[in-house]
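The values are calculated or read from the model by the stated rules, or taken from the named source; none is laboratory data. Keep in mind that what you see is a predicted model, and the values were worked out from it rather than measured. Cβ atoms come from the backbone with ideal geometry, glycine included; neighbour counts cover every protein chain shown. All accessible areas refer to the heavy atoms of the entire protein, side chains included, with ligands and DNA or RNA removed. Shrake-Rupley method; radii C 1.70, N 1.55, O 1.52, S 1.80 Å.
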Amino acid sequence: MAKTILCLPGDGIGPEVTAEAIKLLECLGDDFGLSLRIESGSIGGSAYDQHGVPLPDGTLDAAHAADAVLLGAVGGPKWEALPYEVRPERGLLALRSELKLFANLRPAVTYPQLADASSLKTELVSGLDIMIVRELTGGIYFGQPRGVRTVDTGEREGFNTLVYRESEIERIVRVAFDVARKRDRRLCSVDKANVLEATELWREVATSIGNEYSDVALSHLYVDNAAMQLVRRPKQFDVIVTTNMFGDIISDVAAMLTGSIGMLPSASLAADGKGMYEPIHGSAPDIAGKGVANPVATLLSVAMMLRYSLNEARLATLVETAVERVLNDGLRTADLVPEGGHPVGTSQMGDAVVAALRDLSGDIS
Ligand code: NAD
């Protein structure tokens, strides 16, 4: 039976990079016999412009019904002055929450071909392969109460709440241990247990779950030290598990180790196997509409979709191999090329990956 993929291009460079992913999905259908039905919907600022809300009911219903969701990016200066509840980013947070996508997997892999594009020395990052597992539906981004209030002195005070239940910690830590089991069996749990009670509980629960995974080496780091270690000696890490906010921040640090945020995919998974797949970058308003965005993060997000939601690990590996072949051929988008170089555009990069994938179909038939 055909699997339904809901594509939500969103704002800024979102439609440009998802267009390349659609080409890739069509190639998987035409040349590899993958039976897919691709639907599209609106989210973010463009949804607000059309429907007055960043997550229309129709999009949410279609996302519930789909086997997997592919998202571009949301947001941009046009919508920054909107009330908080209807900002583009609220639509994305609501979608993650409605689909109960509590586990965010963010690989940070440095391709040897791109090691010199990293801001760190080549020897520190070449061969880097980290998986960051970020809790996505809890913590300070969702905790209540939250807001801005006026206190007795007439001054305004902003406040948010960091809250984690044991069950929320347990389920994300288990995902991370399971991921570590399929890799190098090393898991580092990142918290701020010396200052924040909620993450003291995080450490306690992680340690307790660790007793069930004696084949995985569990370590703990405070988030400030983890940030430092990521730029000091990043290859010491295999899998990292952490809270929503800490994961948001350290995964962007890890992104820069790899050369460009335009290379990094992500998967957000629910307990029922539903997944949403998106590049970790935002809508990049500074380059939107110019046809220069790097589509590889979105193409690699399709690979993650194949692996985690469509049960097509073999095709996932082929997509990753196609990306590597294109990099080997020397093709680079502007984010990966030093000043004065000769970058290719978004659609040229996408076409090259699709062509490389099509070539691989000959290898397996
Ligand atoms: P950003 O990731 O959009 O851009 C940061 C920098 O990286 C920019 O210089 C941009 O040009 C570059 N960049 C990003 N993706 C690229 C790609 N594929 N190819 C080449 N260069 C790329 O982050 P930002 O500027 O902080 O945010 C812009 C908007 O995106 C904001 O409205 C923000 O809220 C939103 N945002 C959305 C998401 C999401 O949809 N998941 C994530 C982060 C930010």
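Some values worked out for this structure:
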{"quantity": "For segment 106-263, the fraction of alpha-carbon pairs in successive 10 Å shells from zero, as %", "calculated": "11, 37, 30, 16, 5, 1"}
{"quantity": "Gap separating the Cα centres of segment 66-86 and segment 128-188, nearest whole Å", "calculated": "21"}
{"quantity": "Backbone HN-Hα couplings from phi across segment 213-225 [Karplus 6.51/-1.76/1.60, Hz, Gly and Pro as x]", "calculated": "10, 5, 7, 10, 7, 9, 10, 10, 9, 6, 4, 5, 5"}
{"quantity": "Within the chain, percent of DSSP bridges classed antiparallel, to nearest 5", "calculated": "40"}
{"quantity": "Using a Förster distance of 35 Å, the FRET efficiency for Ser40-Thr153 (Cβ separation, nearest 0.05)", "calculated": "0.10"}
{"quantity": "Ser119 versus Ala94: modelled label distance in nm, points set 7 Å from Cα along the beta carbon direction", "calculated": "3.4"}
{"quantity": "Long-range HN-HN contacts of Ala108 with modeled amide H, under 5 Å", "calculated": "Ile130, Met131, Ile132"}
{"quantity": "Gaussian network model of the chain, Cα within-10 Å springs - most flexible of Thr298, Thr207, Thr153", "calculated": "Thr153"}
{"quantity": "Among beta bridges that DSSP assigns inside segment 106-263, antiparallel share in %, nearest 5", "calculated": "35"}
{"quantity": "Spin-label zone in segment 28-67 - amide nitrogen under 19 Å from a point set 7 Å from the Cα of Asp178 along the C-beta vector", "calculated": "67"}
{"quantity": "Gain in span if fully extended, Gln50 to Asn311, counting 0.36 nm per residue against the direct Cα distance", "calculated": "90.5 nm"}
{"quantity": "For Glu39, residues with placed amide H under 5 Å, excluding near neighbours", "calculated": "Ile5, Leu6, Cys7"}
{"quantity": "Computed Rg/Rh of the chain, alpha carbon atoms with Kirkwood Rh", "calculated": "0.96"}
{"quantity": "Proximal charge balance of Ser126 [Cβ under 10 Å; K/R count +1, D/E count -1]", "calculated": "0"}
{"quantity": "Spin-label pair Ala217/Asp30, simplified geometry with 7 Å Cα→Cβ offset, distance in nm", "calculated": "4.8"}
{"quantity": "For segment 64-81, 3J(HN,Hα) per residue [Karplus equation, 6.51 cos²θ - 1.76 cosθ + 1.60, θ = phi - 60°, Hz, x = Gly/Pro]", "calculated": "4, 7, 6, 7, 7, 10, 10, 10, x, 7, 10, x, x, x, 4, 10, 5, 8"}
{"quantity": "Per residue accessible area in Å² of the chain, where ligands, DNA and RNA are left out and the probe is 1.4 Å", "calculated": "44"}
{"quantity": "Under 14 Å, Cβ to Cβ, from Ser35 - net charge with Lys/Arg +1 and Asp/Glu -1", "calculated": "-3"}
{"quantity": "Distance between modelled label sites at Asn328 and Ala2, nm, 7 Å Cα→Cβ extension", "calculated": "3.5"}
{"quantity": "Given charges at beta-carbon only (K, R positive; D, E negative), |dipole| of segment 115-222 in Debye", "calculated": "260"}
{"quantity": "Proximal charge balance of Asp67 [Cβ under 10 Å; K/R count +1, D/E count -1]", "calculated": "+3"}
{"quantity": "C-alpha center-to-center spacing [segment 296-365, segment 253-274] in angstrom", "calculated": "16"}
{"quantity": "Residue-wise HN-Hα coupling along segment 284-295, computed from phi with Karplus coefficients 6.51, -1.76, 1.60 (Hz; x: Gly, Pro)", "calculated": "6, x, 5, 10, 4, x, 9, x, 10, 5, 7, x"}
{"quantity": "Rg(Cα)/(2.2 N^0.38 Å) for segment 1-113, N = residue count", "calculated": "1.15"}
